[in-house]
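The next block holds one structure in the form of structure tokens; read it before the comments.
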Amino acid sequence: MEKDALDCIGYCRDCGQEHCLPAAPALDAARELLADMERHRSIGLGMDDDPRLHLGYLSGPARGQMFGVLLARDDSGREHVLKAFSGQYNGVWEVPGWVPPILDPAAFERVIQSDEPRIKALTREIDLLASTAPVRVRLMAERRQLSQGLMARIFDLYWLTNLRGQTRSLAEIFLGSGMPTGTGECCAPKLLHFAATHGLIPVGLAEFYVGRENRSGTRSHGEFYAPCAEKCRPILGFLLCGRDRHGEDTSR
Ligand SMILES: [Zn+2]
Ligand SMILES: [Zn+2]
């Protein structure tokens, strides 16, 4: 793999150029985190013994998950190591010592609870109807509209802040169309948003996979990967914007 193939890269619309954050400075801290997780057999890392946090979850149906480490500096030059897991871990949004999700989990639950029962009820009705019934077509259109509305309301829960101090919604930031489900839940956006909102300047970011090799064979245990092209690259340019104001080179 090329030396910089793991780097965090994204095009920034405001600057008309790509911004980049290297992976190399964070690799050692990421290896230490993996060793820590394996030693404790849990992402609670000895601070939280909730059985839902055990690593065994990753060898079950979940198969595996991405983890990330951000090495950052504060104003006084002190180094900080931030860590994140992608999405939820075994249904848990917040774990002590890990950066929180960008959205407010309580607001997420409220949005889900308002629409999901209606969508599920429609699905049950649709399944009972003959595939040629005209009412079935109408119900399917209704369900599609509800699902799209639900997706839009979930995306609207993500407001991201960059290193320039700008805060925008996912829909405003995302480059291109067809934002995939789960955009904003990966490690890189969680870590960069946390750094930007806590006065920390990113120095390096590395993501690695933990679990069984995935079905398509593109992820294996303990390997490093660049932030994903589908969900992350279209928002990373915004999130990395402004790092140069803190004396870091962001252009390439
Ligand atoms: Zn991603
Ligand atoms: Zn920029």
Q: Just need a number here: residues in the range 171-210 that are out of contact with any strand residue (DSSP E or B) (no Cβ under 8 Å at 6 or more places or on another chain), of a type outside the set (Asp, Glu) and more than 16 Å from ligand 2 (Cβ to nearest atom).
A: 11
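Any residue at all in the range 70-87 that is assigned by TED's automatic domain parsing to the domain that holds ALA29, in a loop (DSSP other than H, G, I, E, B) and polar (S, T, N, Q)?
Residues of the range 70-87 assigned by TED's automatic domain parsing to the domain that holds ALA29: 70-87.
Those left that are additionally in a loop (DSSP other than H, G, I, E, B): 74-78, 86-87.
Checking the rest, the ones that are also polar (S, T, N, Q) come to 76, 86.
Yes, the conditions are met somewhere in the range 70-87.
Only one of LEU146, LEU170, LEU175, LEU150 is touching a residue at least 60 places away in the same chain (Cβ under 8 Å) and more than 15 Å from the chain's Cα centre (by Cα). Can you tell me which? Full working, then the answer.
Working: LEU146 fails: touching a residue at least 60 places away in the same chain (Cβ under 8 Å); LEU170 fails: more than 15 Å from the chain's Cα centre (by Cα); LEU150 fails: touching a residue at least 60 places away in the same chain (Cβ under 8 Å).
Testing whether each residue is touching a residue at least 60 places away in the same chain (Cβ under 8 Å) and more than 15 Å from the chain's Cα centre (by Cα) leaves just LEU175.
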Q.
For the range 1-42, which positions are part of a strand (DSSP E or B), touching a helix residue (DSSP H, G or I) at 6+ places or on another chain (Cβ under 8 Å) and more than 16 Å from VAL210 (Cα to Cα)?
A. CYS8, ILE9, GLY10, TYR11, CYS12, GLU18, HIS19, CYS20, LEU21
Q) surrounded by fewer than 13 Cβ atoms within 10 Å (Cβ to Cβ) and either outside any strand (DSSP E or B) or in the same structural domain as ARG219 (by TED's automatic domain parsing) (or both): does that describe ASP48? A) no
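The values are calculated or read from the model by the stated rules, or taken from the named source; none is laboratory data. Note that the structure is a prediction, hence the values are computed from the model and not measured. Glycine gets a Cβ as well: all are built from the backbone with ideal geometry, and neighbour counts include every protein chain shown.
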